[in-house]
Amino acid sequence: MAKTQQHYSSEQVEKITRQWVETMVVGLNLCPFAAPVVKDNSLRYAVTEAQESESLVAAFLAEIELIQAASETDISTTLFIVPVGLEDFYDYLDHLRLFEELLVESGLDGVLQLASFHPGYLFAGVPEDDLSHWSNRTPWPAFHIIREAEMGRALAHYANPEQIPERNIKLLRELGREGLIERFPPFADYC
């Protein structure tokens, strides 16, 4: 977790990230499509030890191959978690763009997409202390690898998905910083 700069084992990183998903993402219904994936245990938590750009790219590409080779029932989606090396949000954004370019170059644009999460996540044009950022704040930098076909099927059965971000922002602001930390205490270490 960025502010504390403590060393966590891969197992600890996965455990705390799982807690974040279960408590925040599913518990607050920030992503209405997450609960079934968590329930059927098809969300993969891939914690990488790679820290340098070249090794991160290799690890990311290996993860892409793994999700493509697996059935949706085995690996529906993956959180590719980078506990060390991308603590700076802007370095993280550089890698997000690089990974998106790799998907295009690999012919996977339209097959896979990425959602972005970081402990210091900031939406452009929004004040730094606004709680809307917390919808994308995680204990460690993470890239959510999503199968577009699966997302398309989920969206087809969900009324007004464009309202999800507004609902989330309203909820996060109502809970407030203290309420969010009470719900998920690790937030105090990085938010």
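Bear in mind these aren't lab numbers, they're just calculated from the coordinates by the rules spelled out. In this text the structure is predicted, and so the values were computed from the model without any measurement.
Spatially, segment 157-183 and segment 1-77 are offset by 21 Å when compared through their Cα centroids.
Taking His157, His144, His95 as the candidate residues, the one with maximal mean-square fluctuation in a Gaussian network model of the chain, Cα springs under 10 Å, is His157.
In the chain, what % of DSSP beta bridges are antiparallel (nearest 5)? Roughly 65 percent of the DSSP beta bridges within the chain come out antiparallel. Our helix-only sum for the chain, with -39,500 (n - 2.57) per DSSP H run of n ≥ 4 divided by its residues, gives a mean residue ellipticity at 222 nm of -13500 deg cm²/dmol. If you run the Gaussian network model on the chain, springs between alpha carbon atoms under 10 Å, then out of Ala142, Ala58, Ala50 the most flexible one is Ala58.
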